[in-house]
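Enquirer: Have a look at this one.
The values are calculated or read from the model by the stated rules, or taken from the named source; none is laboratory data. Fair warning: this is a prediction, and the values are worked out from it, not measured in the lab. Neighbour counts run over all protein chains shown; Cβ positions are idealised from the backbone, glycine included.
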Amino acid sequence: MTAPRTSSTLAALLLLSASCTTSRPPTQSESPSAAVSQAAAALTPAQVALRAFVDAHFDEQFRRFPLSATSAGVHTYDGELRGFTAEERASHLAYLKGRLAALPTAVDRDALPPLDRADYDILENHFRARILDSEEVRSWERNPNTYLSQASVSVFQLINRDFAPLEQRMHSAVSRMAKVPDLFAAARTTLKNPPRMWTEIALQQAQGTRSLYAQTLPQAFAPVKDAALNEAFQKEQARCLAAIDAYIQFLREDVLPRSQGNFAIGEETYRKKLLYEEGVTESIDSLLAWGQAEMKRTQTQFREVAGRLGPGKAPMDVYRELSKEHPTPAELVSSTTATLEEIRAFLIRERIITVPSEVRAQVAETPSFNRSLSFASMSTPGPFEKQATEAYYYVTPPDPMWNAEQTEQHMSFYNHHALPLVSIHEAYPGHYVQFLWTNRVESKVRRLLGSGSFSEGWGLYTEQMMLDEGYGGRSGPAADKLRLNQLALYLQRLARYVAGLSLHTRGMTYEQAVRLFEEEAFMTKTNAEREARRGTSDPTYLVYALGKKLLMELREDAKAQWGQDFSLQRFHDAVVSYGYPPVPIVRRLLLGEGPAKATAHE
């Protein structure tokens, strides 16, 4: 999903401006727009106008950004790669502004029922967010990793799922690979004064991209025996590797010495991102005050639980002792897989949430080109995908080049008391169950357009909720070990919350962010550095703790309003039934219409 933000995920790398779906997945022979025509007769004129506007927009969006189409399961543009030139960016910006201006004229918002009104508001804020990204955030100009990500995803998404015969996907890959040198040529003329750290990250990521083209692709396409196709592949592979090597040299010798840019996006841009993407209007000062207070409260809980596990010991020592109990790197995938069925059975037995499918998520190692910024993530098929519908729960093995201490620090994240919580977050009842529910949503807008604070907030919320409901036991050492790790993981997300706000609006330095993760969230230095690096280029990774806060508040208000009719399963099923829109919109739909309009005009 662009969505759930896979903390991380491949979807985040696609630089999608949008994607879409319909009330039922279209067949391979029909367009995304065609599937809604049968129901049009039952719709009001305002609803018909909204659907026509949405269909036209997303059809155009897929044409402009082929990677978003492939990600959504629309395979019309699998052999195409574009959207990265200055002319294409300018054209897209003008298009977005035109659509934003045309929306209120084309669609009578006041005549729409609540669900469609929510779609209208989500789409309008989506346009505003993408315009803000283009004009103010400007990652295409400031972040060298943007181009490596596009080059990686453009081919990886063709081998990641068996949505078509391998030979057909190889043809598409060869066609896209022909454009990769142009992508890196565009980077040369576009990048201006990146932050030094971003250039250093890109140089690290480039090795993963090169490995993808040098080793992973030929291995994936090895079964194809077509001699002409193999010759064409080898020709484009050589051109791509030369382009990647030249880009690495360009970054090292040209860009790095002049990389003096500031990573912070500034308070005004940050506030607008929160408004357009998350529906949050609270001030930065207020948000920071809550985060700092919640961190202190959680640290107190952490010390209390640690005191029960190790009387007289320093809380950090107790936690670090537990973190040493972890699988070996070779056992990581199998150990993760073993936890999933147990967790799934518990949430069904305890009626936590309805699981609307018997299909399981598959555990796999994180693709090499995305490992430096991700511990664990969920990669799910697009809502139009009809053939390759598997979902992958990715976990990141240690770098083979690391020394023993670095490997130990990395694997401590996956200790036996934390891994179940990570699996709860990513799979059951976190992102994977959320994905299964989102696939049932009829709205084209709400099946793929959503918010990080809902998707990641839901994942973080489920970590605490499952323990509160008795997973792992209600008391005793085993329960305390899980609880200590749940609190530690929450502290890490709270540190993201505080770091994201502070790095981009309050002048916090990278070094200060590293210390924040080490001292306030009890992270090892290797992992603290990774988190701080991510915060410099992912300003709103506060969404985990922010979303959990909003969902906890919503649950309490639902309890108060529903009274004896409240049950946890009813609440959870209702919340995820809307897709993953901003939580304020979920609140509006769940408890009442609320304010007349969710957007704010600047």
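Enquirer: Is there a residue being modelled with pLDDT of 50 or more and closer than 30 Å to Ala187 by Cβ anywhere in region 33-51?
Expert: No, there is no match, as no residue in region 33-51 is modelled with pLDDT of 50 or more and closer than 30 Å to Ala187 by Cβ.
Enquirer: Of these, Asp55, Asp59, which one is within 25 Å of Gln387 (Cα to Cα), out of contact with any Leu (no Cβ under 7 Å at 6 or more places or on another chain) and without any contact (Cβ under 8 Å) to a residue 60 or more places away in the chain?
Expert: Within the list Asp55, Asp59, the selection yields Asp59.
Enquirer: Here's a follow-up. How many of the residues making up region 255-267 are assigned to a helix (DSSP H, G or I) and surrounded by 13 or more Cβ atoms within 10 Å (Cβ to Cβ)?
Expert: Residues of region 255-267 that are assigned to a helix (DSSP H, G or I), as a first pass: 255-258, 267.
From what's left, surrounded by 13 or more Cβ atoms within 10 Å (Cβ to Cβ): 255-256, 258, 267.
So the answer is 4.
Enquirer: Quick one: is Gly450 surrounded by fewer than 22 Cβ atoms within 10 Å (Cβ to Cβ) and at pLDDT below 95?
Expert: Numbers: surrounded by fewer than 22 Cβ atoms within 10 Å (Cβ to Cβ): no; at pLDDT below 95: yes.
No; evaluated as a whole, the condition is false for this residue.
Enquirer: Another question, if that's okay. Among residues belonging to region 431-450 that are within 13 Å of the chain's Cα centre (by Cα) and part of a loop (DSSP other than H, G, I, E, B), point out the one that is nearest to Arg51 (Cα to Cα).
Expert: Ranking the candidates gives Leu449 first.
Enquirer: Going residue by residue through region 163-174, is there one that turns out to be of a type outside the set (Ser, Thr, Tyr), in contact with a Pro (Cβ under 8 Å, 6 or more places away or on another chain) and assigned to a helix (DSSP H, G or I)?
Expert: Scanning region 163-174, I find at least one residue that is of a type outside the set (Ser, Thr, Tyr), in contact with a Pro (Cβ under 8 Å, 6 or more places away or on another chain) and assigned to a helix (DSSP H, G or I), so the answer is yes.
Enquirer: Under 8 Å between Cβ atoms, which residue pairs at least 6 apart in sequence (or on different chains) link something in region 359-385 that is under 15 Å from Gly208 (Cβ atoms) and among the acidic types (Asp, Glu) with a partner that is modelled with pLDDT of 80 or more and outside any helix (DSSP H, G or I)?
Expert: Every condition considered, the pairs that remain are Glu365/Tyr394; Glu365/Val395; Glu365/Thr396; Glu365/Pro397.
Enquirer: Test of understanding: among Ser412, Ser453, which residue is in the same structural domain as Ala289 (by TED's automatic domain parsing), under 30 Å from Phe53 (Cβ atoms) and either among the polar types (S, T, N, Q) or free of Cβ contacts under 8 Å to residues at least 40 places away in the same chain (or both)?
Expert: Result of the check over Ser412, Ser453: Ser453.
Enquirer: Okay, moving on. Find all pairs meeting these conditions: Cβ atoms under 7 angstrom apart; at least six residues apart or on different chains; first residue within region 430-441 and aliphatic (A, V, I, L, M); second residue not in a loop (DSSP other than H, G, I, E, B).
Expert: Listed pairs, sorted by first residue: Val441/Arg447.
Enquirer: Tell me which strands (runs of 3 or more DSSP E) are completely within region 325-424 and hold 3 or more residues being out of contact with any helix residue (DSSP H, G or I) (no Cβ under 6 Å at 6 or more places or on another chain), or say none if there are none.
Expert: Fully inside region 325-424 and qualifying: 362-365.
Enquirer: Please identify the pairs in which a residue from region 241-264 that is without any contact (Cβ under 8 Å) to a residue 60 or more places away in the chain has its Cβ atom under 9 Å from the Cβ atom of a residue that is of a type in the set (Val, Ile, Thr), counting only partners at least 6 apart or on another chain.
Expert: Close Cβ pairs (under 9 Å, with a partner that is of a type in the set (Val, Ile, Thr)) amount to Arg252/Thr199.
Enquirer: OK, next. For residues that are farther than 19 Å from Thr505 by Cβ and either under 24 Å from the mean Cα position of the chain (by Cα) or surrounded by 14 or more Cβ atoms within 10 Å (Cβ to Cβ) (or both), tally how many sit in region 277-302.
Expert: 4
Enquirer: Now for a separate question. Go through the residues of region 508-515 one by one and say whether even a single one is part of a helix (DSSP H, G or I), surrounded by fewer than 24 Cβ atoms within 10 Å (Cβ to Cβ), at pLDDT below 95 and of a type outside the set (S, T, N, Q).
Expert: Checking region 508-515: not a single residue is part of a helix (DSSP H, G or I), surrounded by fewer than 24 Cβ atoms within 10 Å (Cβ to Cβ), at pLDDT below 95 and of a type outside the set (S, T, N, Q).
Enquirer: In the set Leu93, Leu103, which member is at pLDDT 95 or above and under 20 Å from Ala187 (Cα atoms)?
Expert: One residue alone meets the criteria, Leu93.
Enquirer: When you scan region 82-155 for helices (runs of 4 or more DSSP H) that lie fully inside it, which ones turn up with 2 or more residues that are surrounded by 21 or more Cβ atoms within 10 Å (Cβ to Cβ) and of a type in the set (S, T, N, Q)?
Expert: Here the list is empty.
Enquirer: Exactly one condition in (1) under 21 Å from Pro195 (Cβ atoms); (2) modelled with pLDDT under 95 is not met by Gln492; state its number.
Expert: With (1) under 21 Å from Pro195 (Cβ atoms); (2) modelled with pLDDT under 95 applied to Gln492, the lone miss is (1).
Enquirer: Okay, next question. Can you confirm whether Ala185 is modelled with pLDDT of 95 or more, in a helix (DSSP H, G or I) and closer than 30 Å to Met401 by Cα?
Expert: On the way: modelled with pLDDT of 95 or more: yes; in a helix (DSSP H, G or I): yes; closer than 30 Å to Met401 by Cα: no.
It is false that Ala185 is modelled with pLDDT of 95 or more, in a helix (DSSP H, G or I) and closer than 30 Å to Met401 by Cα.
Enquirer: Go through the residues of region 482-491 one by one and say whether even a single one is in a helix (DSSP H, G or I), free of Cβ contacts under 8 Å to residues at least 40 places away in the same chain and in the same structural domain as Asn527 (by TED's automatic domain parsing).
Expert: No; the residues of region 482-491 include none that is in a helix (DSSP H, G or I), free of Cβ contacts under 8 Å to residues at least 40 places away in the same chain and in the same structural domain as Asn527 (by TED's automatic domain parsing).
Per-residue answers, yes or no, for (1) of a type in the set (D, E, K, R); (2) modelled with pLDDT under 95; (3) in the same structural domain as Glu520 (by TED's automatic domain parsing):
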| site | (1), (2), (3) |
| --- | --- |
| Thr298 | no, no, yes |
| Glu304 | yes, no, yes |
| Ala314 | no, yes, yes |
| Tyr319 | no, yes, yes |
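Enquirer: From the list Arg252, Arg196, exactly one residue is surrounded by fewer than 16 Cβ atoms within 10 Å (Cβ to Cβ) and either more than 28 Å from Glu385 (Cα to Cα) or of a type in the set (Ser, Thr, Tyr) (or both). Which is it?
Expert: On the way: Arg196 fails: surrounded by fewer than 16 Cβ atoms within 10 Å (Cβ to Cβ).
Just one listed residue meets the conditions, Arg252.
Enquirer: Within the bounds of region 155-163, is there any residue that is in contact with a His (Cβ under 7 Å, 6 or more places away or on another chain), farther than 22 Å from Ser537 by Cβ and not assigned by TED's automatic domain parsing to the domain that holds Asp538?
Expert: Yes, there is a match, as at least one residue in region 155-163 is in contact with a His (Cβ under 7 Å, 6 or more places away or on another chain), farther than 22 Å from Ser537 by Cβ and not assigned by TED's automatic domain parsing to the domain that holds Asp538.
Enquirer: If you check Leu503 against the conditions, is it closer than 25 Å to His417 by Cβ and either basic (Lys, Arg) or in a helix (DSSP H, G or I) (or both)? Steps first, please.
Expert: Details: closer than 25 Å to His417 by Cβ: no; either basic (Lys, Arg) or in a helix (DSSP H, G or I) (or both): yes.
Judged against the criteria, Leu503 is not a match.
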